[in-house]
1. Conditions first: (1) open to solvent by less than 20 Å² (accessible area, probe 1.4 Å); (2) over 17 Å from the mean Cα position of the chain (by Cα). GLN151 passes all but one, so which condition is the exception?
2. Would you mind finding the one in TYR42, TYR34, TYR4 that is of a type in the set (Ser, Thr, Tyr), at pLDDT 95 or above and more than 12 Å from the chain's Cα centre (by Cα)?
3. Give the residue that is most open to solvent (accessible area, probe 1.4 Å), with candidates limited to residues of the stretch 212-244 that are of a type outside the set (A, V, I, L, M, F, W, C) and assigned to a loop (DSSP other than H, G, I, E, B).
4. Just one of the numbered conditions (1) among the aliphatic types (A, V, I, L, M); (2) open to solvent by 60 Å² or more (accessible area, probe 1.4 Å); (3) under 25 Å from GLY246 (Cα atoms); (4) touching a residue at least 24 places away in the same chain (Cβ under 8 Å) is not true of ALA73; which one?
5. State whether the residues of the stretch 39-49 include one that is among the small types (Gly, Ala, Ser), over 26 Å from PRO200 (Cβ atoms) and open to solvent by less than 40 Å² (accessible area, probe 1.4 Å).
6. Do we find that LEU228 is at pLDDT 95 or above and over 28 Å from ILE72 (Cα atoms) in this structure?
7. Residues of the stretch 77-122 being touching a helix residue (DSSP H, G or I) at 6+ places or on another chain (Cβ under 6 Å), among the β-branched types (Val, Ile, Thr) and either open to solvent by 30 Å² or more (accessible area, probe 1.4 Å) or under 18 Å from THR133 (Cα atoms) (or both), which ones?
8. Restricting the search to the stretch 165-211, which residues are among the aliphatic types (A, V, I, L, M) and surrounded by fewer than 20 Cβ atoms within 10 Å (Cβ to Cβ)?
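The values are calculated or read from the model by the stated rules, or taken from the named source; none is laboratory data. Treat the numbers as computed from the prediction; the structure is a model and nothing was measured. A quick note on method: Cβ atoms are made from the backbone with ideal geometry, for glycine too, and the neighbour counts reach across all protein chains shown. The accessibility values were calculated without ligands, DNA or RNA, using every heavy atom of the protein model including side chains. Shrake-Rupley method; radii C 1.70, N 1.55, O 1.52, S 1.80 Å.
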Amino acid sequence: MAGYMRLRQICLVAPQLEPVISDIAGIMGLAVCYRDVNVAKYGLENALLPVDTILLEVVAPSRDGTAAGRFIAKTGGRGGYMAIFCCDDPDERGRSANAMGVRTANVIDHPPYHGVQLHPRDCRAAFIEFNHTKGSDDILGPYPPAGPDWQKFIRKNVTQALTAVEMQSPDPQGLAGHWGKLIGAAPGKAESGETELRLPNASVRFVKGGGEIMSALEFRVADVAGVLHAARERGLAVAGNEFLLGGVTFRVS
């Protein structure tokens, strides 16, 4: 599909925000830019941290009976919750998804922000949201979900970029084809040989695994050894260049 399509935000879910938020900030050298009080009406609390121009969000249930709480119960807390893309026309992407049999779960209309969330069961592996903020084609422009001045909280001395999102499936090629149709990107091959969807600012990679989940996030960092040391200092189990945090594997290079 021609047109503007970027990875805008990744949402993880945790039983409580702490210590996950403090661990992410401390290990990865990131700063919280916003906590949205409006999510309380959904029984949630959240915090967002910019990784360059991609937002990393963690949500946690603050009461029983939330979708996030059900996600934790269903998955045992393993796997990312939502992949959020900014594009020219979220409604068009939603109609295209509906034509594939993928239902719309929620429409968020808070001008200048407009978002279309697809049903996670139909998306497979994770929620997908498409959104557009009027007047924000500049990647450093306004993005209401991240607060009024999120750009001031970008920190690059430790973590420089979120480069890839890894999806795991018993049928990675099938999932890649499905997501490719949803986001309008043709599957290709990563250097590792795995199937990927390449966007201007990040890749979505598909690997073989037992269940369908968002399994890992990959980051480019200034000092791999320093990040891994910081993870060990906070009591996380480090294997090679990765560690588990917030339900997903953080992989650094």
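1. It is condition (1) that GLN151 fails.
2. TYR34
3. ARG234
4. (4)
5. Yes, the stretch 39-49 has at least one match.
6. no
7. THR104, VAL116
8. ALA185, ALA186, ALA190, LEU199, VAL207
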